[in-house]
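Asker: I'd like to ask you about the structure that follows.
Just so it is clear, none of the values below were taken in a lab; they were calculated from the coordinates. As the structure is a prediction and not an experimental result, all values here were calculated from the model. Backbone-built Cβ (ideal geometry, glycine too); neighbour counts: all protein chains shown.
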Amino acid sequence: MTSTTGEACFRVAPGGRIAGELTVPGDKSISHRALMLGALAEGDTEISGFLAGEDCLSTLRALAALGVGIERPERSSVRVHGVGMEGLRGASAPLDMGNAGTAMRLFMGLLAPQPFDSQLIGDASLMRRPMERVAAPLRQMGARIETLEGRPPVRIRGGASLAGIEFPMPVASAQVKSAVLLAGLRARGRTRVIEPAPSRDHTERMLASFAVRLTREGSSVALEGGQRLRATSVRVPGDFSSAAFFIVAGCLAAEQGLLLRNVGVNPTRTGLLEMLRSMGADIRLHRHASDTPDAEPTADIEVHKSQLRGIRVPESLVALSIDEFPIFFVAAALAEGETLVRGAQELRVKESDRLAAMAEGLSRLGVENRLLEDGLWIRGGTGLEGGCIESRGDHRIAMAFAIAALAARAPIEIRDVANVATSFPGFLELARAAGLGVEAT
Ligand code: S3P
């Protein structure tokens, strides 16, 4: 449904209780990677629990345009007919990555060593995002890549011969690390990436499950070029970043508890749990047994309503909870006392400037806060007014403010929410089933 201006909006009634058992859709990061590695593998890769969100569908369509056969027997089951390391064919038109930063950056690494030219474009948000962080190391490897003043469109000239590099990453970015490793698969010699702080390690785990040999030592990961990928089956767990909205909802309003089933709890993703627990949240993990050390760990997550207290967030947790800050700031606004986040300047270059979007939205709801260059200070515990929020077209800003209504004194309206479908198709229905009074207007 859309408003009279043609823009999709959420209207959320104040208050309410959260309860029940929920299963969130599949992990976005893992779904992108399963498609890409499945495409490069020899044989057929079966993916279950695939996230049929717009971002991953952009990856799926791009691979199809590069000549990869992909079937979807069901919405969340995908069969990728791998073409092998030399099997991709040039696309006849620019590859459109939509809103998906992960897709664009990982494709840069995947396409840089190919014999054909490629061009990558995206929606208005993606066309503003920085791409030199990936283009620069790929050029060091010998790739011929151009950006437009650091941003898309990204033009990749085919036929470059790549050599492995040793790359100390300036930012802790799983996208940069993954792009360099993907390029390294077709480079001469060894490619080694050194991280300034741990970032999500889905690429490393999944490469290992596709039979690629990697060396992981301390903060570095290395692989030899020329390796072949062997098709496998990938079970995608529920997306922790989607579960995060309900984890915070549970902290605010699950008097009888809320259970989130089969959520990915890779420790490089779950910084939010540590942050919330140190604020006083009652969150219990019921872990599932995993088959191999490289399998993605999963758990059922049980959350109970808790009185939260503000904290100073350790900078070491920032990269481990990078996508959860919009909903974390909502938790901070409802916690007693002050919360401070620093060292989070990366939030300024996500789907929107998430520091500015959250500061503005919280101010509209009457929450005292101070926007810092690299973070946000919030004084919580005074409750939330109702009001109208600009999501800036950012899915996570939209969902965070929808959850905030649980503790508001009047309705909250959130504008420009269509992009919720990029990461969390069915959010509205699931949120309603859990007890949130949200409707599309
Ligand atoms: C992602 C990595 C993160 C994250 C993004 C998904 C990935 O970005 O914010 O939503 O799948 O690799 P950075 O690695 O650039 O921090």
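Asker: Would you mind working out the magnitude of the charge dipole of the chain relative to its Cα centre, with +1 at each Lys and Arg C-beta and -1 at each Asp and Glu C-beta, to the nearest 20 Debye?
Answerer: Working: 50 positive and 51 negative charges, 152 e Å.
Value, rounded to 20: 720 debye.
Asker: While we're here: Quick check for me: using +1 on Lys/Arg Cβ and -1 on Asp/Glu Cβ, what's the dipole size of region 28-235 about its Cα centre, in debye to the nearest 20? Working shown, then result.
Answerer: On the way: 28 positive and 20 negative charges, 46 e Å.
For this selection, approximately 220 debye.
Asker: Let me ask another. Give me 133, 228 ranked fewest to most by other Cβ atoms within 10 Å of their Cβ, as a rough exposure proxy. Intermediate results must be reported in sequence, preceding the final value.
Answerer: Details: 133 18, 228 14.
The order, fewest Cβ neighbours first, is 228, 133.
Asker: Taking only Cα atoms, what is the 0 to 90° angle, nearest 10, from helix 240-253's long axis to the longest principal axis of the chain?
Answerer: 10 degrees
Asker: Let me ask you something else. Which peptide among 230-239, 97-106, 369-378 comes first, and what is the full order, when sorted by highest mean count of other Cβ atoms within 10 Å?
Answerer: Numbers: 230-239: 20.6, 97-106: 25.6, 369-378: 17.7.
Going from most to least packed, we get 97-106, 230-239, 369-378.
Asker: So what's region 28-235 giving for Rg/Rh, alpha carbon basis, Kirkwood Rh from the mean inverse pair distance?
Answerer: Details: Rg = 15.4 Å, Rh = 16.6 Å.
Computed over Cα atoms, the ratio is 0.93.
Asker: Over the chain, with a Gaussian network built from C-alpha contacts below 10 Å, which listed residue (86, 413, 217) shows the highest mean-square fluctuation?
Answerer: Looking only at 86, 413, 217, the largest GNM fluctuation is found for 217.
Asker: If you don't mind, there's one more thing I want to ask. Taking the DSSP beta bridges in the chain as the whole, what percent of them are antiparallel, to the nearest 5? Before the final figure, lay out the partial values.
Answerer: Values: 55 of 76 bridges.
Bridges in the chain are about 70 percent antiparallel.
Asker: Let me ask something else about it. Length gain on complete extension for the stretch residue 360 to residue 13, per 0.36 nm per residue less the alpha carbon to alpha carbon distance?
Answerer: Taking 0.36 nm per residue and subtracting the Cα distance, the gain is 122.9 nm.
Asker: Exposure proxy check: 21, 338 ranked by fewest other beta carbons within 10 Å?
Answerer: On the way: 21 13, 338 17.
Fewest-to-most Cβ neighbours within 10 Å comes out as 21, 338.
Asker: Right, next: Enter the angle in degrees (range 0 to 90, nearest 10) between the Cα long axis of helix 28-40 and the first principal axis of the Cα atoms of the chain, meaning the one along which they spread out most.
Answerer: The two axes meet at around 10 degrees.
Asker: Taking +1 at the Cβ of each Lys and Arg and -1 at the Cβ of each Asp and Glu, which of 196, 207, 179 sits farthest along the dipole of region 28-235 towards its positive end, judged by Cα position relative to the Cα centre?
Answerer: 196
Asker: Sticking with this structure for a sec: Tell me, what ³J(HN,Hα) does each residue in region 289-296 have, in order and in whole Hz, if you take phi through Karplus 6.51 cos²θ - 1.76 cosθ + 1.60 with θ = phi - 60° and put x for Gly and Pro?
Answerer: Karplus-based 3J(HN,Hα) across region 289-296 equals 6, 10, 6, 9, x, 8, 5, 6 Hz.
Asker: In deg cm²/dmol and to the nearest 500, what is the mean residue ellipticity at 222 nm of the chain if only DSSP H runs of at least 4 residues count, each as -39500 (n - 2.57), divided by the residue total?
Answerer: -8500 deg cm²/dmol
Asker: Expressed as a rounded percentage, what relative contact order does the chain have, with Cα pairs under 8 Å and six or more residues apart? Mind showing how you got there, number by number?
Answerer: Details: 1121 pairs, mean separation 88.7, N = 441.
Reported relative contact order: 20 percent.
Asker: Still on this structure, I have one more. What list of ³J(HN,Hα) values in whole Hz, one per residue of region 220-233 in order, does the Karplus curve 6.51 cos²θ - 1.76 cosθ + 1.60 (θ = phi - 60°) give from phi, with Gly and Pro shown as x?
Answerer: Values, residue by residue: 10, 9, 9, 9, 8, x, x, 7, 9, 9, 9, 4, 8, 10 Hz.
Asker: Another question, then. If each residue's Cβ is checked for other Cβ atoms within 10 Å, how do 329, 107 rank with the fewest at the top? Mind showing how you got there, number by number?
Answerer: Values: 329 30, 107 27.
Placing the least packed residue first, the sequence is 107, 329.
Asker: Along Cα→Cβ, 7 Å out, is where each label goes; now give me the distance between the ones at residue 140 and residue 304 in nm to one decimal.
Answerer: Between residue 140 and residue 304, the simple spin-label model gives 5.0 nm.
Asker: Taking loop as defined by DSSP and a crowding limit of 11 other beta carbons within 10 Å, which trypsin sites (Lys or Arg not before Pro) in region 25-92 fit?
Answerer: Numbers: sites: 28, 33, 61, 75, 79, 89; in loops: 75, 89.
Listed in order of number, the matching sites are 75.
Asker: Given an 8 Å cut-off on Cα distances and at least 6 residues of separation, report the relative contact order of region 28-235 as a percent. Present the calculation step by step, with values, prior to reporting the outcome.
Answerer: Working: 489 pairs, mean separation 44.4, N = 208.
Across region 28-235, relative contact order equals 21 percent.
Asker: Hey, can you grab everything whose amide H is under 5 Å from the amide H of residue 21? Only 5+ residues off in sequence or another chain; H modelled, so Pro and N-termini drop out.
Answerer: 259
Asker: Which of 263, 24, 349 moves most in a GNM of the chain, Cα contacts under 10 Å?
Answerer: Highest fluctuation among the options: 349.
Asker: Along the Cα→Cβ direction, 7 angstrom out, place labels at residue 348 and residue 149. What is the inter-label distance in nm?
Answerer: 1.7 nm
Asker: Considering all alpha-carbon pairs of region 115-269, what whole percent are spaced by more than 25 angstrom? All intermediate terms of the calculation are to be shown ahead of the outcome.
Answerer: Values: 5206 of 11935 pairs.
Counting every Cα pair in region 115-269, those more than 25 Å apart make up 44 percent.
Asker: Using only the Cα atoms, what convex hull volume per residue in Å³ does region 271-327 have?
Answerer: Numbers: hull volume 5.7 nm³, N = 57.
It is 100 Å³ per residue.
Asker: Name the long-range amide H neighbours of residue 262: under 5 Å, sequence gap of 5 or more, or other chain; modelled H, no Pro or chain starts.
Answerer: Close amide H contacts, sequence-distant or interchain: 299, 300, 301.
Asker: I'd like to know which of 361, 23, 67 lies farthest towards the positive end of the charge dipole of the chain, counting +1 on Cβ of Lys and Arg and -1 on Cβ of Asp and Glu.
Answerer: 67
Asker: So, one more: Straight-line reach from residue 28: which lysines fall under 16 Å, measuring Cα to Cα and dropping same-chain residues less than 8 apart?
Answerer: Candidates past the 8-residue exclusion: 350.
Asker: Related question: Taking 4 °C and 1.567 mPa s as the conditions, I'd like the Stokes-Einstein D for the chain in µm²/s, using the Kirkwood hydrodynamic radius from alpha carbon pairs. Mind dumping the intermediate values first?
Answerer: Working: Rh = 22.0 Å.
Approximately 59 µm²/s, per Stokes-Einstein.
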